[in-house]
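Novice: Handing you this structure, nothing more for now.
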Amino acid sequence: MSILDKFKLDNQVAIVTGGASGLGKAMGKGLAEAGAHLVIADINLELAQATADEFTNDTGNKAIACKVDVTNVDDVYQMVEDVKKEFGRIDILFNNAGINEHVKFEDMPYDRWVKNMDVNINSMVLVSQAVGEVMIEQKRGSIVNTSSMSGIIVNTPQPQAAYNTSKGAVIMFTKSLANEWAEHNIRVNTIAPGYMKTELTKDYFAQGGEMIDTWMKFTPMGRPGVPEELQGAALYLASDASSFVTGSIVTIDGGYTAL
Ligand code: NAD
């Protein structure tokens with residue numbers, strides 16, 4: 001098999017949580033272009049359906065939308081049942097849904113802290129357990145978790161302790177699960193993006209000012225990334241091209257964490 005063949009995902013099934021927009025959409029598109037059938041699992045069904053239709057039209061591969069709140073146990077197990085019925089297998093899971101709030105720690109209501117943890121890390125536990133049942137039975141799978149450079153460094157100047165803490169937990173969860181599930185032939189890795197232009201950050205970039213100047217000062221490449229710049233790493237980690245890679249953190253940050 002040539003190295004290029006190892007990147008191919010023909011007939012494989014990939015779930016992307018938070019796949020309706022932003023980074024999840026771009027990474028999902030890359031997987032669909034490589035041959036995978038896609039499940040766009042998002043709390044926003046209308047947007048997820050539009051994304052699934054776009055993937056099917058553009059690639060000819062099947063893509064379906066599932067309305068899933070990744071913090072809701074019933075939604076997540078229902079999604080797994082629906083995907084099993086539709087495709088009979090799950091090869092790839094992208095745990096990608098996430099939220100961010102800039103709030104000083106002393107002003108952060110406890111229930112908002114818990115919400116950040118629920119969406120950004122506890123959801124990964126829930127979805128990995130539900131999908132893991134299928135992957136363990138198949139004796140095969142690749143899980144990719146979206147952490148962030150915020151799991152490695154503390155961003156400045158904005159206060160976002162909850163986000164940073166949750167993303168640090170994603171990294172340690174990834175390493176722990178990689179160790180436990182190697183025996184099931186399930187690889188678990190994480191991508192750690194730097195500042196990217198998406199719905200999550202577009203208002204900040206539109207406002208500009210001191211915060212954006214600081215972000216760009218600390219990014220050696222001097223610009224934010226665009227979602228498509230995650231596609232190469234996403235496809236690498238999802239596919240057999242990375243067959244000996246597990247428990248790894250791939251930073252994609254224009255050099256931020258190299259400073
Ligand atoms: P985004 O807001 O553009 O997209 C997030 C998607 O997740 C949306 O489609 C939203 O509907 C969905 N979502 C939110 N809560 C959900 C829930 N409870 N259940 C299911 N779906 C839900 O954000 P993005 O910038 O594409 O971020 C995607 C991931 O990348 C997040 O984990 C984020 O922390 C991470 N990240 C983003 C950046 C950045 O600069 N944009 C940098 C590093 C990491």
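Novice: Explain nothing, just the number: relative contact order of segment 58-133, from Cα pairs under 8 Å at least 6 residues apart, as a whole percent.
Specialist: The value is 42 percent.
Novice: One quarter of the convex hull surface, Cα atoms only: what value does that give for segment 1-141 in nm²? Provide the component values of the computation, followed by the final result.
Specialist: Details: hull surface 38.2 nm².
Averaged projected hull area, Cα only: 9.5 nm².
Novice: Could you quote the convex hull projected area for segment 134-259, Cα atoms only and averaged over all directions, in nm²?
Specialist: Averaged projected area of segment 134-259's Cα convex hull equals 8.2 nm².
Novice: Sticking with this one: List the pair-distance distribution P(r) of segment 176-215, using every Cα-Cα distance, as the percent of pairs falling in each 10 Å bin from 0 up to the bin containing the longest distance, rounded to whole percents.
Specialist: Reading upward from the zero bin: 24, 29, 15, 22, 10.
Novice: Further question: Under 25 °C and 0.890 mPa s, how fast does the chain diffuse according to Stokes-Einstein, given a Kirkwood radius computed over C-alpha pairs? Answer in µm²/s, whole number. Walk me through the intermediate numbers first.
Specialist: Details: Rh = 18.4 Å.
Estimated via Stokes-Einstein, D reaches 134 µm²/s.
Novice: Okay, next question. Pairs of alpha-carbon atoms within less than 8 angstrom and 6+ residues apart define the contacts here; what relative contact order does segment 1-82 have, in percent?
Specialist: Relative contact order here is 25 percent.
Novice: Now for a separate question. Which order do peptides 236-242, 247-253 fall in by mean Cβ count within 10 Å, highest first?
Specialist: 236-242, 247-253
Novice: Along Cα→Cβ, 7 Å out, is where each label goes; now give me the distance between the ones at Val154 and Ala50 in nm to one decimal.
Specialist: Result: 3.9 nm between the two label points.
Novice: Moving to a separate point now. Could you sort out which of Lys25/Lys197; Lys6/Lys139; Lys85/Lys167; Lys62/Lys197; Lys167/Lys197 sit more than 22 Å apart by Cα distance in this structure?
Specialist: Distance filter (> 22 Å) returns Lys85/Lys167; Lys62/Lys197.
Novice: Identify which of Lys139, Lys85, Lys115 has the largest mean-square fluctuation in a Gaussian network model of the chain, with springs joining Cα atoms closer than 10 Å.
Specialist: Lys85
Novice: Determine the share of the chain's accessible area contributed by carbon and sulfur atoms, expressed in whole percent, with a 1.4 angstrom probe.
Specialist: 52 percent
Novice: Ignoring ligands, DNA and RNA, how do Lys25, Lys67 rank by accessible area with a 1.4 Å probe, largest first?
Specialist: Lys67, Lys25
Novice: Under the 0.36 nm per residue contour assumption, what length would be gained going from the current alpha-carbon distance of Thr201 and Glu183 to full extension?
Specialist: Extra length available between Thr201 and Glu183 comes to 2.6 nm.
Novice: So for Ser243, Ser142, what's the accessible-area order with a 1.4 Å probe, most first?
Specialist: Accessible-area ranking of Ser243, Ser142, largest first: Ser243, Ser142.
Novice: If the only charges are +1 at each Lys and Arg Cβ and -1 at each Asp and Glu Cβ, what is the size of the charge dipole of segment 64-216 around the Cα centre, to the nearest 20 debye?
Specialist: With only Lys, Arg, Asp and Glu charged at Cβ, the dipole is about 460 debye.
Novice: Order Leu4, Leu235, Leu93, most accessible first, counting only protein heavy atoms with a 1.4 angstrom probe.
Specialist: The ordering from most to least exposed comes out as Leu4, Leu235, Leu93.
Novice: Another question, if that's okay. Please name which of Phe7, Ser128, Tyr163 has its Cα lying farthest along the dipole of the chain towards the positive end, using unit charges on Cβ (Lys, Arg +1; Asp, Glu -1) and the Cα centre as origin.
Specialist: Ranked along the dipole, the leading option is Phe7.
Novice: What percent do you get for the relative contact order of the chain when only Cα pairs under 8 Å and 6+ apart count? Intermediate results must be reported in sequence, preceding the final value.
Specialist: Details: 512 pairs, mean separation 52.4, N = 259.
Answer for the chain is 20 percent.
The values are calculated or read from the model by the stated rules, or taken from the named source; none is laboratory data. Small disclaimer: the values here were computed from a predicted structure and weren't measured. Note that each Cβ is placed from the backbone with ideal geometry, even for glycine, and that neighbours are counted across all protein chains shown. For the accessible areas, the whole protein counts, side chains as well, though only heavy atoms, and no ligand, DNA or RNA atoms are used. Shrake-Rupley method; radii C 1.70, N 1.55, O 1.52, S 1.80 Å.
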